[in-house]
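The values are calculated or read from the model by the stated rules, or taken from the named source; none is laboratory data. Note that the structure is predicted; figures quoted are calculated from it, not measured. Every residue, glycine as well, gets a Cβ built from its backbone with ideal geometry; the counts of neighbours run over all protein chains shown. For accessibility, only protein heavy atoms count, side chains too; no ligands or nucleic acids. Shrake-Rupley method; radii C 1.70, N 1.55, O 1.52, S 1.80 Å.
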Amino acid sequence: MAVDVSELEATAHKMVDNGRGLLAADESTGTITSRFEALDIESTEETRRTFRDLMVTTPGIEQWIGGVIMYDETVRQQVSDGTPFPKYLDSRGIVPGIKPDKGAKPLQFSEDEKYTYGLDDLPDRLEEYYELGCRFTKWRTVITVDEEQGLPSRYALRVNAQNQARCAAIAQNQGMVPVVEPEAQMKGYHSIQTAFHATREMLYHQFSELVEQRVKLEGMLLKTSMVMTGFDSDLADQAGPEEVAERTLECMYQVVPAAVPGIVFLSGGQSDQTASANLNEMVKRGPHPWTISFSYARALQGVPMEIWGGQDEKVEDAQKAFHYRARLTGAARLGEYSEDMEAQPGDVVSVEEQEMVAA
Ligand code: 13P
């Protein structure tokens, strides 16, 4: 089958151009269940549907959200008016996407490294997801960073890069934009310098494999981790937004080809504010060869999930919280974010958001 590169390119641009980024709402049932349980929310097919429903039906979010990554369960569910999620998103001008990987499992012959499963029946599964309306995929590989053990190993980098590129090649042949997500583990005690080297190695192997496997770089997006001090290090030792932006961009400029339309960053457990501040600093240093944007799960969903708490009467408040965070993240995506946009307890934001959501 001939691959229509211009169509893939157009989809990739639709996802991240015009000030937009991605909402990663693709937690596996296991992951969302642990997030729900931490907040005392029962995890059932219906509560998971309700949460995803309230997020995507929030009025106005298409201004900042150009694509939503879903998990298999959600792709087959409907929003409250009975419209399937992919069809509903498409009607809002938001590109529906699917995470088809089956998670990271221990890598044989390596103590602490992982590789991602799910390639075997991928062509058949993607054909079905395409029919269900999905137009992009997201495949995550996770790379262990450990200074003492000298990780990542070249072995883990190669295996994961190959798997990732396999997924990308299969996706493009199915008419779907691959969001290639190699993530250098962000927790740990490592320095920002170690994160820089690990991320650069990881992306070097990733792009060499993508090229080797003939993936059309114009028709994909890179999703990756920011270059940061390991999250377990003392707060006082953590690099601030300026250093994070400089080191991350330095890394991207060295190894990400200019043909790639966009780089979207994951939040990885950063606070909402930090995720916005870091993104903002990177955008401000532009223009860059690629669009710099976001693909956040926790930094967009955390507060709305907490406010909702599984209660129907809190749906509207949760939507306001999501609208607010999407708006600020959208400002960061344009390099227009500042800390004083953040809500103070009891601040006017709720009123402002109320008006915007009602509009
Ligand atoms: P976080 O933004 O929470 O790191 O999640 C991103 C992601 O890729 C989820 O699949």
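Which listed residue (Pro241, Ala171, Thr141) has the Cα farthest towards the positive end of the charge dipole for the chain, taking +1 on Lys and Arg C-beta and -1 on Asp and Glu C-beta about the Cα centre?
In the chain, that residue is Ala171.
Rounded if a/c is under 1.5, else prolate if a/b is larger than b/c, else oblate: which is the stretch 1-147, with a ≥ b ≥ c the root eigenvalues of its Cα gyration tensor? Show your work: numbers first, answer last.
On the way: a/c = 1.66, a/b = 1.17, b/c = 1.42.
Judged from the Cα gyration tensor, the stretch 1-147 comes out oblate (a/c at least 1.5, b/c at or above a/b).
Using the structure shown, select from Lys223/Lys284; Lys114/Lys187; Lys14/Lys138; Lys99/Lys284; Lys14/Lys284; Lys14/Lys102 the pairs with a Cα to Cα distance greater than 25 angstrom. Spell out each step's value before the answer.
On the way: Lys223/Lys284 19 Å; Lys114/Lys187 15 Å; Lys14/Lys138 16 Å; Lys99/Lys284 30 Å; Lys14/Lys284 21 Å; Lys14/Lys102 27 Å.
Table pairs above 25 Å Cα-Cα are Lys99/Lys284; Lys14/Lys102.
Over the chain, what percent of the accessible surface lies on carbon and sulfur atoms, probe 1.4 Å? Don't skip to the answer; put the middle values down first.
Numbers: 7150 of 15030 Å².
Here carbon and sulfur together make up 48 percent of the probe-accessible area.
Considering only the other residues whose Cβ falls under 14 Å of the Cβ of Ser153, what net charge follows from Lys and Arg at +1 and Asp and Glu at -1? Walk me through the numbers on the way to the answer.
Details: positive: Lys114, Arg154, Arg158; negative: Glu111, Asp112, Glu113, Asp146, Glu147, Glu148, Glu201.
After counting each charged neighbour, the total is -4.
Can you list the HN-Hα couplings for the stretch 139-145, worked out from phi with the Karplus curve (6.51, -1.76, 1.60; θ = phi - 60°), rounded to whole Hz and with x for Gly and Pro?
10, 10, 10, 10, 10, 6, 10
If you count, for each residue, the other Cβ atoms within 10 Å and average over each peptide, how do 286-298, 185-197 line up from highest to lowest?
On the way: 286-298: 21.3, 185-197: 18.6.
The most tightly packed comes first, giving 286-298, 185-197.
Beta carbons within 10 angstrom, averaged per residue: use that to sort the peptides 227-234, 124-131, highest first. Walk me through the numbers before you get to the answer.
Values: 227-234: 18.5, 124-131: 16.0.
Answer by packing, highest mean first, reads 227-234, 124-131.
Positive end of the dipole of the chain, charges at C-beta (+1 Lys, Arg; -1 Asp, Glu), about the Cα centre: which of Tyr130, Gly230, Ala198 has its Cα farthest in that direction?
The one lying farthest along the dipole's positive direction is Tyr130.
Would you grab the residues whose amide H sits under 5 Å from the one on Lys223? Only those 5+ places off in sequence or on another chain, please, with H modelled 1.01 Å from N.
Under 5 Å from the amide H of Lys223: Val180, Glu181, Val264.
Using the Cα centre of the stretch 161-284 as the reference point, and only Cβ charges (+1 on K/R, -1 on D/E), how large is the resulting charge dipole? Debye, rounded to the nearest 20.
In debye, rounded to 20, the stretch 161-284 gives about 540.
With every protein chain present, what is the per residue accessible area of the chain (1.4 Å probe, Å²)?
Working: 15030 Å² over 359 residues.
I get 42 Å² per residue for this part.
Along each of the three principal axes of the Cα atoms of the stretch 88-216, give the extent in whole Å, ordering the values from largest to smallest.
49, 29, 25
What number comes out for the charge environment of Ile65, summing +1 per Lys or Arg and -1 per Asp or Glu over other residues with Cβ under 14 Å away? Mind dumping the intermediate values first?
Working: positive: Lys14, Arg20, Arg52, Arg92, Arg325, Arg327, Arg333; negative: Asp17, Asp26, Glu62, Asp90.
So the environment of Ile65 carries a net charge of +3.
Amide H to amide H under 5 Å from Gly67: which residues, 5+ apart in sequence or cross-chain, H placed 1.01 Å off N in plane?
Distant-sequence amide H within range of Gly67: Gly21, Leu23, Val95.
Let me spell out the model: positive unit charges on the Cβ of Lys and Arg, negative unit charges on the Cβ of Asp and Glu, origin at the Cα centre of the stretch 221-309. What dipole size does that give, in debye rounded to 20? Kindly include the intermediate steps, with their values, before the conclusion.
On the way: 5 positive and 10 negative charges, 91 e Å.
With Lys and Arg at +1 and Asp and Glu at -1, about 440 debye.
So what are the ³J(HN,Hα) numbers for the stretch 7-22, from phi and the Karplus equation (6.51, -1.76, 1.60; θ = phi - 60°), rounded to whole Hz, Gly and Pro as x?
So the Karplus estimates, Gly and Pro as x, are 6, 4, 4, 5, 5, 4, 5, 4, 5, 10, 7, 6, x, 9, x, 10 Hz.
Tabulate in residue order the Karplus-calculated ³J(HN,Hα) for the stretch 318-328, using 6.51 cos²θ - 1.76 cosθ + 1.60 with θ = phi - 60°, rounded to whole Hz; enter x for Gly and Pro.
Once θ is set to phi - 60°, the couplings for the stretch 318-328 become 5, 5, 5, 5, 5, 4, 4, 5, 5, 5, 5 Hz.
With a 10 Å radius around each residue's Cβ, average the other Cβ atoms per peptide and rank 252-263, 6-17, highest first. Could the numbers behind the result be given before it?
Numbers: 252-263: 17.8, 6-17: 19.4.
So the order, starting with the most tightly packed, is 6-17, 252-263.
Can you list residues whose amide H is under 5 Å from Arg140's amide H, if they're 5+ apart or on another chain and H is modeled 1.01 Å from N?
Long-range HN contacts for Arg140: Asp101.
Per residue of the chain, what 222 nm ellipticity follows from adding -39500 (n - 2.57) for every DSSP H run with n ≥ 4, rounded to the nearest 500? Each step should come with its number before you reach the end.
On the way: 13 runs with 164 residues, N = 359.
Only helices count here, giving -14500 deg cm²/dmol.
Rg/Rh for the chain: what does it come to with C-alpha atoms and Rh from Kirkwood?
Working: Rg = 19.3 Å, Rh = 20.4 Å.
My calculation puts Rg/Rh at 0.94.
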